[in-house]
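Structure record follows, encoded as structure tokens.
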Amino acid sequence: MGSQPPAQAQNRVSGRCCLSARCLSCSRRQWHTQQSLRDHIGGKEEVETELCLAGCTFTGWGEIKGPVLGWVTQVCSQGKEHADQKEGKGNSSPGAMEDTSSHKSGQSEEVQSSPTPEEGPANFIHVQLEEYEPADFSTKDLILKKAREVCTCSRQTIITFFCRLFPVLDWLPRYNVKTQLFGDVVSGLLVGVVAIPQSISYSLLANQDPIYGIYTSFFCNIIYVAMATSRHNFVGPFGVLCLMIGQSVDRHLRLAGYSDSSAGSSLGGNSTSVSNGTGLCDRSCYAITVALSLSFLVGLYQILLGILQLGFVAVYLSEPLLSGFVAGSSLTIITSQMKYLLGLKIPRHEGVGSFILTWVDLFRYIQGTNICDLVTSLVALAIIVPVKEINDRYKEKMKAPFPIELLVVIVATVTSYYFNFEERYKSAVCGHIPTGFSKPTLPDINLFSSLAVDALPIAVIGFAMTISLAEIFGKKHGYTVRANQEMIAIGMCNLVPSFFYCFASSAALTKTLLKESTGTQTQVSGLVTSLVLLLVLLWVAPLFYSLQTSILGVVTIVNLRGGLRKFHDTPRMWQLSKLDTVVWWTTMLSSTLITTEIGLLVGVCFALLCVIFRTQRPRATLLGKVSNTEIYEDRSTYKQLSSIANIKIFRFESSLYYANKDYFKTVLYQKTGVNPVLLAAKHQMVGARANADTGNNKSFFGTRFGCLKPAKKRTEKPPADASPPSIDMHTLILDCGAMQFIDTVGLSVLKEIHHDYKEIGVQVLLANCNPSIRHQLRDGGWAGRTDSGGQLAFHSVHDAVQFAEQCYNEQQDSKEKKDALLDPEDLDFQVSL
């Protein structure tokens, strides 16, 4: 116990009252300075010292050794007593948070504070956390471990692999017939009834014969049942994808020399009677050949993305972006179907401006409108739209929605057949639809190079719609959806059916909603739907010969009501987020006025630019303290926040990296009102001017007798223009709570700011830094290291404020002592000489 405290302790125990002491001889307790305590003890050897700090009691034994007092060793938050401090123990860094490595893996040290003589006023607790020992990381070992896991072959591994690849092997053995079969059968029948007219109408949108839409719905449902993790998705023709497929098919038809007039009056044609590559292929045959090759590439892309675990690609398609894309595509689809409603024969435009050119042609050839098709379309719209609205409004009270579309299709087909609309009024009809299945064929490899770019956006949009619907209903009904498995499943739904005259598909919004609302339990309902479609393929399909194409156009347009309703949501979206609304309108307009593929690309790029813009020019503000708490909030947002004297707290609500470094410094100088670079320059100018004035006024006596200088400084007042600018703060605290990372440029900016503010006497502290940023600060040598080895980064803003106030008090004490050393009587005596 006989060690002499360091010299710094002598300064800390002098001056104002610094500690409470109780003499062991008289048991009196009172606040003492160093001198009063020495006078009271009168040579006694030991005293008991006690310090109170933020509700924590510091207790220990001190020793009078010469002119100074002993000091306390540790924080005791429960009021327990600790042992006396031995020589060389308990000397920790003041205030700053220090990261230290643990030599004991799996253990973390208790939060402690070690007040030292440097700490002065007992108002700050030094928090020292011990890190876990970093785990050894070897890339080679990691690769070998993964390789062993993949290459390990056992019976259980094979079973697990096939159960993950075909989830039906997992849930089908546990299928409960009593509780689940009825709901699946009812839902499958209703969805199948609705899928019949929609599959035929979407074939028209994809520029294909009606039978191929039914093929697509049939095969895709069977494959999706076996491989999907979603219980509610219905996979089949989707309006947006059919539009993109139709645009690609039409472009290749033009390149191959097929004109619009060569399509003939019927959509059925004789495409199935011509073998691909073995004879002359007509327009319909070439159209399905292009669609098959496109579907093969789409499925191949999706399977590769799923195998490579790249399902996260869909996260770049945000909800506002997808919503705007669907709305823009809906307008394009409606435009493309208007010629069928009016019975006009106009060329199908592709590329930039096709939306406007199509409407120009509609008004140009409006006088050729087929009255029969127009009347039929208006009647069908007047019947279908109100009934669909009733179904939507009372869907919770109705056990199943009324199949108005199928009813209208049946009535319209019968009416067209008995009144012979095709011969009498030259109305366009579906024509011959063959029954049975076509012989499987191979995609045309020669088309892959020209279709590779077209397939990519179709693959991404198809997966995005599928996984979005799957996750929505998975969360609603409490089961897990695996995104990468869904990617593989939808990829197989496009790859395998491409050999059976099917075009690309995805989860269909309207039929998925219908499937969920009618009580489906598992994907067994998909098998029931496929059975309904099988009946159509084998026997019912020829009965749709007299169905008018205008009715198919009406069915397509009515099912786009969901996309058009998004326009009503934009005012609410504007109130919630103006930037998301701009993304929505940008994607919608570009998808409508340019093309769907380019519009999607424009929307993705613009959304990413918005994210970059948010981080490049984020919100920045000064913080104030909530009274009687340790909470600090935005002064520009909340009222009744108190500012801390001579301390500015700055919050930057983004990571600090190369793109926003200049904005960070600009807004920091603006908010704090202190530009350290300009102030340092002004200080230099003032100092240079003062030195020049002093040199001009020097005299022999001023040079000879240096003792007159202090008196001259006291009596003479410098001119106003020669005084350095004043600063209203001594500490700047940077709240880094919103910073996820900082790069090397950001670290350089922090170093630069620390150096610049230090030049004008302002201390810079960091608060709320996450562990990765603290490691970067430590490795990058930010702010160097303090005298005791700690860094000036803190766990909270309140800790930084307490440390700043403590440092300021210490500086004030030191200044008072220096002023006390200059005795006024001695100065007067020097002046009199």
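Go through K625/K665; K578/K625; K475/K578; K140/K751 and tell me which ones have a Cα-Cα distance over 32 Å in this structure. Going by Cα-Cα distance, K140/K751 fall outside the 32 Å limit.
Carbon-plus-sulfur accessible fraction, the range 479-538 (probe radius 1.4 Å, protein heavy atoms only): 73%. Near L297: Cβ cut-off under 13 Å, other residues only, Lys/Arg at +1 and Asp/Glu at -1. The net charge is -2. Counting only protein heavy atoms and using a 1.4 Å probe, the accessible area of C153 comes to about 110 Å². Qualifying trypsin sites (Lys or Arg not before Pro) in the range 635-674, where qualification requires a DSSP coil assignment and no more than 16 other C-beta atoms within 10 Å, comprise K639. Looking at M398, P497, M487, which one has the Cα that reaches farthest to the positive end of the dipole of the range 356-515 (charges on Cβ: Lys, Arg +1; Asp, Glu -1)? Comparing the listed Cα positions along the dipole, M398 ranks first. Counting only protein heavy atoms and a probe of 1.4 Å, the accessible surface of the range 561-636 is 63% carbon and sulfur. Each of T160 and E389 was given a label point 7 Å from its Cα along the Cα-to-Cβ line. The distance between the two points is 5.6 nm.
Distance between the C-alpha centres of the range 640-686 and the range 350-383: 62 Å, rounded to the whole angstrom. The apolar share of the surface of the range 297-370, taken as the fraction of accessible area on carbon and sulfur atoms (1.4 Å probe, ligands and nucleic acids excluded), comes to 73 percent. The accessible-area ordering, largest first, of the residues Y301, Y425 stands as Y425, Y301, per a 1.4 angstrom probe. Averaged over its residues, the range 162-201 has an accessible area of 52 Å² per residue, based on protein heavy atoms and a 1.4 Å probe. Of the residues L641, L297, L144, ranked by 1.4 Å probe accessible area with the largest first, the sequence reads L144, L641, L297. In this structure E131 has an accessible area near 40 Å², from a 1.4 Å probe over the protein heavy atoms. S517 sits among other residues whose Cβ lies under 12 Å from its own Cβ, and their net charge, with Lys and Arg +1 and Asp and Glu -1, is +3. Computed with a 1.4 Å probe over protein heavy atoms only, the accessible area of D819 comes to about 90 Å². In terms of accessible area, using a 1.4 Å probe and ignoring ligands and nucleic acids, F448, F473 rank largest first as F448, F473.
Only lysine pairs 8 or more places apart or on separate chains count here, and in the range 336-468 those with Cα atoms under 19 Å apart total 4.
In Å², what does the accessible area per residue of the range 590-637 work out to with a 1.4 Å probe?
Working: 2580 Å² over 48 residues.
For the range 590-637, the per-residue accessible area is 54 Å².
Accessible surface computed residue by residue for the range 348-501, with neighbouring protein chains in place and a 1.4 Å probe, gives 54 Å² per residue.
The values are calculated or read from the model by the stated rules, or taken from the named source; none is laboratory data. The structure presented is a predicted model; accordingly, all values stated were derived computationally and were not measured. Counting neighbours? That spans all protein chains shown, and the Cβs are built from the backbone with ideal geometry, glycine included. The accessibility values were calculated without ligands, DNA or RNA, using every heavy atom of the protein model including side chains. Shrake-Rupley method; radii C 1.70, N 1.55, O 1.52, S 1.80 Å.
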